[in-house]
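A.B. asks: What follows is a structure written as structure tokens; I'll ask about it next.
The values are calculated or read from the model by the stated rules, or taken from the named source; none is laboratory data. None of these values were measured; they are calculated from a predicted model. Please note: Cβ atoms are built from the backbone with ideal geometry, for glycine as well, and neighbour counts cover all protein chains shown. Remember, those area values only see protein heavy atoms, side chains included, never the ligands or the DNA or RNA. Shrake-Rupley method; radii C 1.70, N 1.55, O 1.52, S 1.80 Å.
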Amino acid sequence: MERIIIDGLSFSLPLFIMAIGGIYCERSGVINLALEGFQGIGAFSGALAAVLLMQRCGLSADKAMYFSFIFAIAGAAVYSAIHALLSIKFKANQVISGVVLNILALSLTIYLTKVLNKTLFRQASDKFVLTVSERFNIPYISDIPLIGAFFREIYPFEIIVLLLAVIFWYILYKTHYGMLLRACGDNPQAVDAAGKSVAFVRTIAVLISGALSGIAGICFSYSISGSFSSSSFVGYGYLSIAAMIFGNWKILPTIAACLLFGFARSGGYFIVQKMAMPASYSDLAMTLPYVMTLLLLLFFSKYNHAPRALGETYDKGKR
């Protein structure tokens, strides 16, 4: 049971920070299906930077990891600017833009990883080898039975994610910008009438979603496999979108959905190992979060209420 909690948390929290990015984007009125692509580009950028710092600058793996987060944020934010440009500036279909960016990100990272490995590192590989991040325990609390599992074998990024979640919750609900962002998703005409730029507010929201997705991508790289590969976390972006929807575009309920997905995934692996099933069954365990998504969609979708102006391109001339 404790192993389910430990592994479930390490999967849920990167999913959660990516979902917060989705909340920011969609509460501003811009549909964002591109979280999958944002996390891929972010993980690629961070992993490439980490490998270069380790091999060319002699930096230790631990120090390179922290630098990789900066590059992951920057890379994903720059890539998300394409979605902002297409959706806000050129008023393109937001769903199509998100899907295309996901496909493009997957293709680009596969191609560039192979090319850069061959040209920079003289090796034929489709991945950047990193390292699995070290874990730590919180003294005393981690010794408590069952509850202590929440404070045991913690990745450093889990603390970072929780701190960022608090900061972005505060920004969304307690600041002037957060009020404008929420208003853009429900009544952009009112924001425009108040003399504020709807396009600017939405653009910042899209860039935030890219940056947070980049953090999620590099977190998965340093926890699940200890390497970057385009196929390592395919589908996680869509899981975070599902969590955001089940959380009704609110931060606190969304973390519950992410934890549910995380515990379903780790619980599946635990059952496979406990029953000594063949290794191929671990792939079956990976489908549990998606099965859970279908079940939640079946029973709870009628209770979801999206922002009223979600997906609507704002035309100032029609105000």
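A.B. asks: What FRET efficiency, computed as 1/(1 + (r/R0)^6) with R0 = 35 Å and r the Cβ-Cβ distance, is obtained for residue 305 and residue 146, rounded to the nearest 0.05?
C.D. replies: 0.45
A.B. asks: If you place +1 on the Cβ of every Lys and Arg and -1 on the Cβ of every Asp and Glu, how big does the dipole about the Cα centre of the chain come out, in debye to the nearest 20?
C.D. replies: The dipole of the chain has a size of about 740 debye.
A.B. asks: Please work out how much length the chain gains when fully extended from residue 120 to residue 166, using 0.36 nm per residue of separation minus the C-alpha to C-alpha distance, in nm with one decimal.
C.D. replies: Net length gain for the segment: 12.6 nm.
A.B. asks: Also, I was wondering about something else. Let's see if you can work this out: charge +1 on each Lys and Arg Cβ, -1 on each Asp and Glu Cβ, no other charges. What is the dipole magnitude of segment 21-145 about its Cα centre, in debye to the nearest 20?
C.D. replies: For segment 21-145, the charge dipole is close to 460 debye.
A.B. asks: Quick check for you: with a 1.4 Å probe and neighbouring chains kept, what is the accessible area per residue of segment 69-218, in Å²?
C.D. replies: That works out to 51 Å² per residue.
A.B. asks: List, in order, the whole-Hz ³J(HN,Hα) value for each residue of segment 147-161 obtained from phi through the Karplus relation with A = 6.51, B = -1.76, C = 1.60 and θ = phi - 60°; use x for Gly and Pro.
C.D. replies: Working through the residues one at a time gives 4, x, 4, 6, 10, 10, 6, 8, 6, x, 5, 5, 5, 4, 4 Hz.
A.B. asks: Right, next: Which of rounded, prolate or oblate describes segment 113-199 when judged by the alpha-carbon gyration tensor and an a/c cut-off of 1.5?
C.D. replies: It comes out oblate by the Cα gyration axes.
A.B. asks: Put +1 on the Cβ of each Lys and Arg and -1 on the Cβ of each Asp and Glu in segment 85-201; which of 156, 179, 125 then has its Cα farthest toward the positive end of the dipole?
C.D. replies: Sorting the options by dipole projection puts first 125.
A.B. asks: Here's another thing I want to ask about it. Given the rule -39500 (n - 2.57) for each run of at least 4 DSSP H residues, summed and divided by the residues of the chain, what is its mean residue ellipticity at 222 nm, to the nearest 500 deg cm²/dmol?
C.D. replies: So the calculated ellipticity at 222 nm is -22500 deg cm²/dmol.
A.B. asks: I would also like to ask the following. Which of the chymotrypsin sites (Phe, Trp or Tyr not before Pro) across segment 20-103 are loop residues per DSSP, with 16 or fewer other Cβ within 10 Å?
C.D. replies: In loop regions of segment 20-103 (DSSP not H, G, I, E or B), the sparsely surrounded chymotrypsin sites (Phe, Trp or Tyr not before Pro) are 90.
A.B. asks: Cβ neighbours within 10 Å, averaged per peptide: list 243-250, 230-237 in order, most packed at the top.
C.D. replies: 243-250, 230-237
A.B. asks: Run the quick spin-label model on residue 290 and residue 238: label points 7 Å from Cα toward the beta carbon, then report their separation in nm to one decimal.
C.D. replies: 0.6 nm
A.B. asks: If the limit is 29 Å between Cα atoms, which of 91/196; 118/274; 196/250; 274/302 go over it?
C.D. replies: 118/274; 274/302
A.B. asks: Round to a whole angstrom and tell me the spacing of the C-alpha centers of segment 142-187 and segment 23-83.
C.D. replies: First find each Cα centre; the distance between them is then 19 Å.
A.B. asks: In nm, give the distance between the simple-model label positions of residue 174 and residue 138, each being 7 Å from the Cα along the Cα-to-Cβ direction.
C.D. replies: Taking the two extended label points, one gets 1.9 nm.
A.B. asks: Let me ask something else. Calculated from the structure, semi-axes √(5λ) of the Cα gyration tensor in Å equals which of [x] 41, 23, 16; [y] 32, 25, 19; [z] 42, 26, 15?
C.D. replies: [y]
A.B. asks: Within segment 256-285, what residues put their amide N at less than 17 Å from the label point 7 Å along the Cα-to-Cβ vector of residue 3?
C.D. replies: 263-285
A.B. asks: With the Cα gyration tensor of segment 1-112 giving a ≥ b ≥ c as the square roots of its eigenvalues, does the rule (a/c under 1.5 for rounded; else a/b larger than b/c for prolate; else oblate) give rounded, prolate or oblate?
C.D. replies: Since a/c reaches 1.5 but b/c is at least a/b, the shape of segment 1-112 is classed as oblate.
A.B. asks: Could you derive backbone 3J(HN,Hα) for segment 118-129 from the dihedral phi with the Karplus parameters 6.51, -1.76 and 1.60 (θ = phi - 60°), listing whole Hz in sequence and x where the residue is Gly or Pro?
C.D. replies: So the J values, rounded to whole Hz, are 6, 7, 8, 10, 6, 8, 8, 7, 9, 8, 9, 7.
A.B. asks: Turning to a different aspect of this structure: Going by the alpha-carbon gyration tensor, a ≥ b ≥ c the square roots of its eigenvalues, is segment 59-192 rounded (a/c under 1.5) or, if a/c is not under 1.5, prolate (a/b greater than b/c) versus oblate?
C.D. replies: oblate
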